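Participant: Supplied in structure tokens, the structure appears directly below.
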């Protein structure tokens, strides 16, 4: 049977150093691979965010257009064509809330399209 000291004598320092160098090279390759995968994941997330922001912009723009069209038609056709006879206070509230909604939606769209932090 071989003793511990015989086994220690067989292993040389150079073989340990070679193993460490190989381990370092493998670790570097794995790190590079992980960084590539992380970069791809960030790129995919950026593309998906861009598509989502584009769709939301179109949806918000359509909602704003329809809302404004309905308010304008209610104002214009109030007495003439539809005969709604809406009171002046209701028309003022309608105009005020419409203005606030349009400004709020546009602020939401602009804040999402142009965020302050650039990641």
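Participant: May I ask you to list pairs of residues, at least six apart or on different chains, whose Cβ atoms are under 6 Å apart, with the first in the stretch 46-72 being at pLDDT 80 or above and the second being outside any helix (DSSP H, G or I) and surrounded by 14 or more Cβ atoms within 10 Å (Cβ to Cβ)?
Facilitator: none
Participant: Evaluate the following for residue 91: is it within 33 Å of the chain's Cα centre (by Cα) and farther than 29 Å from residue 114 by Cα?
Facilitator: no
Participant: Let me ask you something else. Is the stretch 82-105 home to any residue that is surrounded by 12 or more Cβ atoms within 10 Å (Cβ to Cβ), outside any helix (DSSP H, G or I) and either in contact with a helix residue (DSSP H, G or I) (Cβ under 6 Å, 6 or more places away or on another chain) or in contact (Cβ under 8 Å) with a residue 12 or more places away in the chain (or both)?
Facilitator: Yes, because at least one residue in the stretch 82-105 is surrounded by 12 or more Cβ atoms within 10 Å (Cβ to Cβ), outside any helix (DSSP H, G or I) and either in contact with a helix residue (DSSP H, G or I) (Cβ under 6 Å, 6 or more places away or on another chain) or in contact (Cβ under 8 Å) with a residue 12 or more places away in the chain (or both).
Participant: I need the full set of residues from the stretch 65-79 which are outside any helix (DSSP H, G or I) and surrounded by fewer than 12 Cβ atoms within 10 Å (Cβ to Cβ), in order please.
Facilitator: 79, the sole residue that qualifies.
Participant: Can I ask one more? For the stretch 106-119, give me each residue that is touching a helix residue (DSSP H, G or I) at 6+ places or on another chain (Cβ under 9 Å) and either surrounded by 13 or more Cβ atoms within 10 Å (Cβ to Cβ) or part of a helix (DSSP H, G or I) (or both).
Facilitator: 106, 108, 109, 112, 113
Participant: Shifting gears a bit: Evaluate the following for residue 31: is it at pLDDT below 85, surrounded by 10 or more Cβ atoms within 10 Å (Cβ to Cβ), part of a helix (DSSP H, G or I) and on the phi < 0 side of the Ramachandran plot?
Facilitator: Against the criterion (at pLDDT below 85, surrounded by 10 or more Cβ atoms within 10 Å (Cβ to Cβ), part of a helix (DSSP H, G or I) and on the phi < 0 side of the Ramachandran plot), residue 31 does not qualify.
The values are calculated or read from the model by the stated rules, or taken from the named source; none is laboratory data. Keep in mind that this is a model prediction, so the values were computed, not measured. All Cβ positions, glycine included, derive from the backbone under ideal geometry; neighbour counts span all protein chains shown.
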